[in-house]
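The values are calculated or read from the model by the stated rules, or taken from the named source; none is laboratory data. Values in this document were obtained by computation on a predicted structure and should not be read as measured data. Methodologically, a virtual Cβ is constructed for each residue, glycine included, from the backbone with ideal geometry; neighbour enumeration extends over all protein chains shown. What goes into the accessible areas is simple: the full protein's heavy atoms, side chains included, and nothing from ligands, DNA or RNA. Shrake-Rupley method; radii C 1.70, N 1.55, O 1.52, S 1.80 Å.
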Amino acid sequence: ELGMKSNRLMEEAMEMQPESGLVQRLFGGSKLWTPEMFGGDPEIAMEAYATSISIYEEADAKVENWHFLEAKMGLAMAYNKTDQKDKAIETLELAIAKEPQFFWAKSELAKLNKS
């Protein structure tokens, strides 16, 4: 019941503020981590994360905004989930270039480079 309500509210947020980097990032997370049988879709997640990143880049709110970095992480994870390992690695490397102390990205990059 809560999952369905959460999905409905996320859809409403997308209708109300599709130009919000935060809404796009949260929508991407919802689509990435929801099982496909309940409406999850990593392809839609990638689109939402990419849109979120673009919005933050246009606002010049990159490094100082952790939402930007989290959108980069989500995009990398969506790439990895859809067997696009090279794109995932590239996205993580770009995130680390923006924020060299981004240990989560470094950790995920190390895992991908081992596999």
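Details
- Filtered residues of the stretch 27-46 (kept if assigned to a helix (DSSP H, G or I) and surrounded by 17 or more Cβ atoms within 10 Å (Cβ to Cβ)): Phe27, Gly28, Gly29, Ser30, Lys31, Leu32, Pro42, Ala45, Met46
- Residues that are closer than 19 Å to Leu32 by Cα and part of a loop (DSSP other than H, G, I, E, B), drawn from the stretch 79-115: Thr82, Asp83, Gln84
- Positions within the stretch 51-86 being within 13 Å of the chain's Cα centre (by Cα), open to solvent by 40 Å² or more (accessible area, probe 1.4 Å) and among the basic types (Lys, Arg), in sequence order: Lys81
- The conditions of being of a type in the set (A, V, I, L, M) and either in contact (Cβ under 8 Å) with a residue 40 or more places away in the chain or out of contact with any Leu (no Cβ under 7 Å at 6 or more places or on another chain) (or both) are met by Leu2.
- Taking each residue of the stretch 9-22 that is over 22 Å from Glu57 (Cβ atoms) and looking for partners that are acidic (Asp, Glu) and surrounded by 16 or more Cβ atoms within 10 Å (Cβ to Cβ) with beta-carbon atoms closer than 7 Å, six or more apart or interchain, yields nothing.
- Pair list, Cβ < 7 Å and 6+ apart or interchain, from the stretch 96-113 residues that are touching a residue at least 24 places away in the same chain (Cβ under 8 Å) and surrounded by fewer than 16 Cβ atoms within 10 Å (Cβ to Cβ) to residues that are among the hydrophobic types (A, V, I, L, M, F, W, C) and assigned to a loop (DSSP other than H, G, I, E, B): Lys98/Val63
- Residue within the stretch 50-73 that is closer than 20 Å to Ser107 by Cβ, among the acidic types (Asp, Glu) and in a helix (DSSP H, G or I) present: yes
- Subset of the stretch 2-18 (residues that are in a helix (DSSP H, G or I) and of a type in the set (S, T, N, Q)): Ser6, Asn7
- Residue within the stretch 19-26 that is open to solvent by less than 30 Å² (accessible area, probe 1.4 Å), in a loop (DSSP other than H, G, I, E, B) and either in contact with a strand residue (DSSP E or B) (Cβ under 6 Å, 6 or more places away or on another chain) or under 24 Å from Trp66 (Cα atoms) (or both) present: yes
- Restricting attention to the stretch 7-48, the residues being under 17 Å from Thr91 (Cα atoms) and touching a Ser or Thr at 6+ places or on another chain (Cβ under 9 Å) number 7.
- Test result for Lys87, farther than 30 Å from Leu2 by Cβ and either modelled with pLDDT of 95 or more or touching a Lys or Arg at 6+ places or on another chain (Cβ under 9 Å) (or both): yes
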